[in-house]
1. When the residues of the stretch 372-383 are narrowed to those that are at pLDDT below 95 and not in a loop (DSSP other than H, G, I, E, B), which ends up surrounded by the fewest Cβ atoms within 10 Å (Cβ to Cβ)?
2. Any idea how many residues of the stretch 278-307 are in a helix (DSSP H, G or I) and surrounded by fewer than 22 Cβ atoms within 10 Å (Cβ to Cβ)?
3. Quick check: anything in the stretch 87-106 closer than 15 Å to residue 49 by Cβ, part of a strand (DSSP E or B), within 16 Å of ligand 1 (Cβ to nearest atom) and touching a strand residue (DSSP E or B) at 6+ places or on another chain (Cβ under 9 Å)?
4. Which pairs turn up if I take residues in the stretch 282-308 that are without any contact (Cβ under 8 Å) to a residue 40 or more places away in the chain and under 17 Å from residue 54 (Cβ atoms) and look for partners that are within 15 Å of ligand 1 (Cβ to nearest atom) and assigned to a strand (DSSP E or B) with beta carbon separation below 9 Å, at least 6 apart in sequence or on another chain?
5. Let me spell it out: the conditions are (1) more than 18 Å from residue 413 (Cα to Cα); (2) within 38 Å of the chain's Cα centre (by Cα), and residue 360 meets all of them except one. Which number is the exception?
6. With the requirement that a residue be within 14 Å of ligand 2 (Cβ to nearest atom) and at pLDDT 90 or above, what does the stretch 255-268 give you?
7. Could you check, for the stretch 284-302, whether at least one of its residues is within 10 Å of ligand 1 (Cβ to nearest atom), in contact with a strand residue (DSSP E or B) (Cβ under 9 Å, 6 or more places away or on another chain) and at pLDDT 95 or above?
Ligand code: ATP
Ligand code: MG
């Protein structure tokens, strides 16, 4: 039987992981510059959490979740990060410790969707959640954080789509307006949308079915229904985005796939590259009612998540390959024992070391040292060790010399670290 990875789930091999590290490092740095600290929540959450927060009629909850029962608990492998973060925020009463909380996360999410380029069943998101600030300044700063991050990693071709969904009262009036629009046109909607019409007509606007697009074309727009407070908030967001110089468009038809959003809503879309209908790099918005909905106090919140695979497709440049500083090539038993000790000493001095313990011939070990990009190859021959010396070969300068065994680790470390900036030290990037 040939076993393969689960469809839509990818192995990420070490040569690709280097680029992931680069992306994650840039994200962490950027989030921390904005005052965010990392939070790690479980991959499994009670199914209830997603059903209630994301909404019963959303695609994710209706069709995409990996849910199962174990020991009497209904569990779901998280399809997104916001609901879990908000759950943790409430569970740990974080609101009582600080008025404003900024959390970021990086990790895998799971959705049983149809796989395509940029769409997987296990995919990675990096996201931020900000609790305790009603905006509108922080709404604009959140969007600008994403824009700044994309620029930092070399993605310049993108545009931010923004819209406002208003608060609960506005949403209710909008629901009525949509019902009035769609009900007489019900027959022309997709089956999914016909079914969702009564429960949640907003979903129809977010449908990917062309039949629904047609009927939605002249549907009422929520921006026209904002009340005064929503309108003031919305104007504030746009003003701050202008101050920050963010490249945005007002997208009156933007509604996103989840129920929990209120007021500010945004998506960042790539305008070049070949991601096709997977060109949305990030999505997010305000979710002012979630914390209270989870049994916490009334705390406003805003957040976003970015799809890491999609970013990697567009991120230019290679990550620097990590190379060992020293490659140790022992030629016999005495050399091998000595190499074990030398490798330990070098690593303690911060040098990355690869010891060739296969016991092959010198020629093949030298070839291997070259292939892994080592700066120095250390040849430990039994007779030389008995004479108290080692051979070192500088693989970049192509020179070979003999050094005393006594104090060799220090000499090698100095050379490996000084002569190859970033190359010798494992952690250096
Ligand atoms: P889409 O419309 O592309 O399905 P979405 O609205 O479902 O996206 P969100 O739930 O907002 O996506 O997730 C935020 C980001 O995570 C998306 O903009 C995208 O970059 C990424 N993402 C979402 N689903 C997937 C997936 N199945 N595979 C890879 N990336 C994904
Ligand atoms: Mg989706």
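The values are calculated or read from the model by the stated rules, or taken from the named source; none is laboratory data. Since we're looking at a predicted model, the values are computed, not measured. With ideal geometry, Cβ positions are generated from the backbone for all residues, glycine too; neighbour counts draw on all protein chains shown.
1. Looking at residues that are at pLDDT below 95 and not in a loop (DSSP other than H, G, I, E, B), I get 383.
2. 3
3. No, the stretch 87-106 has no match at all.
4. Final answer for the pair search is 283/265; 283/266; 283/267; 283/268; 283/304; 283/305; 283/306; 283/307.
5. (2)
6. Within the stretch 255-268, just 267 meets the criteria.
7. Yes, that holds for at least one residue.
Quick grid of which residues meet (1) at pLDDT 95 or above; (2) within 24 Å of residue 13 (Cα to Cα); (3) in contact with a strand residue (DSSP E or B) (Cβ under 8 Å, 6 or more places away or on another chain); (4) in a helix (DSSP H, G or I):
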site: 324; (1), (2), (3), (4): no, yes, yes, no
site: 329; (1), (2), (3), (4): yes, no, yes, no
site: 343; (1), (2), (3), (4): yes, no, yes, yes
site: 425; (1), (2), (3), (4): no, yes, no, no
